[in-house]
Protein chains: 2
Amino acid sequence: MNLVTASSESETASDPRTWTIAQVADEFGVTHRAVRHYEELGLISPERRGTVRIYRRRDRTRLNLILRGKRLGFVLEEIRTIINLYDEPRGQASQLRYVLNQINDRRADLERRRRDIEEALKELDDFEQRCQDDLLALDRG
Amino acid sequence: MNLVTASSESETASDPRTWTIAQVADEFGVTHRAVRHYEELGLISPERRGTVRIYRRRDRTRLNLILRGKRLGFVLEEIRTIINLYDEPRGQASQLRYVLNQINDRRADLERRRRDIEEALKELDDFEQRCQDDLLALDRG
DNA sequence: CTTTACGTTTACGTCAACGTCAAGTGACTC
DNA sequence: GAGTCACTTGACGTTGACGTAAACGTAAAG
């Protein structure tokens with residue numbers, strides 16, 4: 001079991017629920033075209049019933065990771081390597097060590113972005129304070 | 001004085017230092033083409049000595065904001081509105097209130113990204129823990 | 001049995017963010 | 001004054017991330 005297949009809800013193994021492309025697209029606020037595009041790039045790979053795609057919990061979890069990655073400014077290619085990291089085989093020590101290294105790289109990346117955000121928020125706070133002061137001065141003037 | 005023109009160093013008003021496009025591009029790790037592109041979009045507007053661009057502290061500050069915005073996944077158009085926010089006229093109460101509203105929007109945006117990052121980091125931590133456990137089990141097995 | 005509602009593939013279009021020539025303008029150096 | 005920088009302005013090319021339209025399958029509904 002891994003992060004992608006592990007459910008935040010009660011079940012852990014095979015969730016029988018399925019969704020159509022319209023349902024997931026709608027629910028996640030993207031177009032079916034986008035969902036298919038992610039599949040073309042190998043970020044998700046839903047089952048097929050004939051030619052029709054059927055989406056399971058695992059695919060939804062991946063979609064969540066994809067969209068969060070996008071909000072954070074990662075390109076789809078990066079997002080794929082991140083997602084696939086969670087699914088790589090880790091039977092041997094060498095593989096585990098490789099994955100652990102990747103984890104550290106990812107973490108450094110995320111922490112950098114977090115620092116950027118903290119700075120930006122701090123500047124916004126300062127700026128707001130000055131604006132508030134100006135407003136008060138105007139009201140009193 | 002505002003956030004963009006305010007210097008983190010000693011001086012506050014007019015810093016006499018200037019830079020060429022090659023210097024700033026080099027120093028910020030981007031190409032001159034990118035710098036000119038930001039200018040085309042109105043994100044910076046360096047002075048001219050004849051046809052030649054000359055960059056001052058203010059332009060460097062803006063470049064910093066631009067690149068940080070990019071790392072955070074904002075598109076250049078958004079970045080422009082953010083940057084220009086700091087420079088908008090705020091003489092009247094209505095303008096100040098508008099700016100304060102914008103600040104809140106920006107803050108909500110940034111805080112959303114921060115939550116995304118916290119989640120991603122938490123998942124990475126969990127994942128690393130499991131990998132470490134697996135590694136230990138292998139070493140002992 | 002045709003319409004309606006989804007679904008599919010194929011393929012070309014678009015927009016942002018630059019990359020990459022091409023061709024020209026000073027300014028200085030040999 | 002010819003060469004070489006460093007800089008300039010076009011203008012077309014490229015890549016990523018989809019949009020969009022065409023043409024077709026399929027299954028339930030009237």
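The values are calculated or read from the model by the stated rules, or taken from the named source; none is laboratory data. Remember, predicted model here, so these are calculated numbers, not experimental data. Note that we place each Cβ from the backbone using ideal geometry, even for glycine, and neighbour counts take in every protein chain shown. The accessibility values were calculated without ligands, DNA or RNA, using every heavy atom of the protein model including side chains. Shrake-Rupley method; radii C 1.70, N 1.55, O 1.52, S 1.80 Å.
Structure values in brief
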{"item": "Selection from region A:79-101 of residues that are more than 9 Å from chain B (Cβ to nearest Cβ) and within 16 Å of DNA strand D (Cβ to nearest atom)", "result": "A:ILE79, A:ARG80, A:THR81, A:ILE83, A:ASN84"}
{"item": "Residues of region A:31-45 classified as more than 13 Å from DNA strand C (Cβ to nearest atom) and either within 13 Å of A:ASN64 (Cα to Cα) or within 14 Å of another protein chain (Cβ to nearest Cβ) (or both), total", "result": "1"}
{"item": "Residue in region A:85-102 that is loosely packed, with under 14 Cβ neighbours inside 10 Å and of a type in the set (Lys, Arg) present", "result": "yes"}
{"item": "Check on A:LEU72, within 14 Å of chain B (Cβ to nearest Cβ), surrounded by 12 or more Cβ atoms within 10 Å (Cβ to Cβ), within 16 Å of DNA strand C (Cβ to nearest atom) and at pLDDT below 95", "result": "yes"}
{"item": "Total residues in region A:14-68, condition among the small types (Gly, Ala, Ser), open to solvent by less than 90 Å² (accessible area, probe 1.4 Å) and within 25 Å of B:GLU119 (Cα to Cα)", "result": "5"}
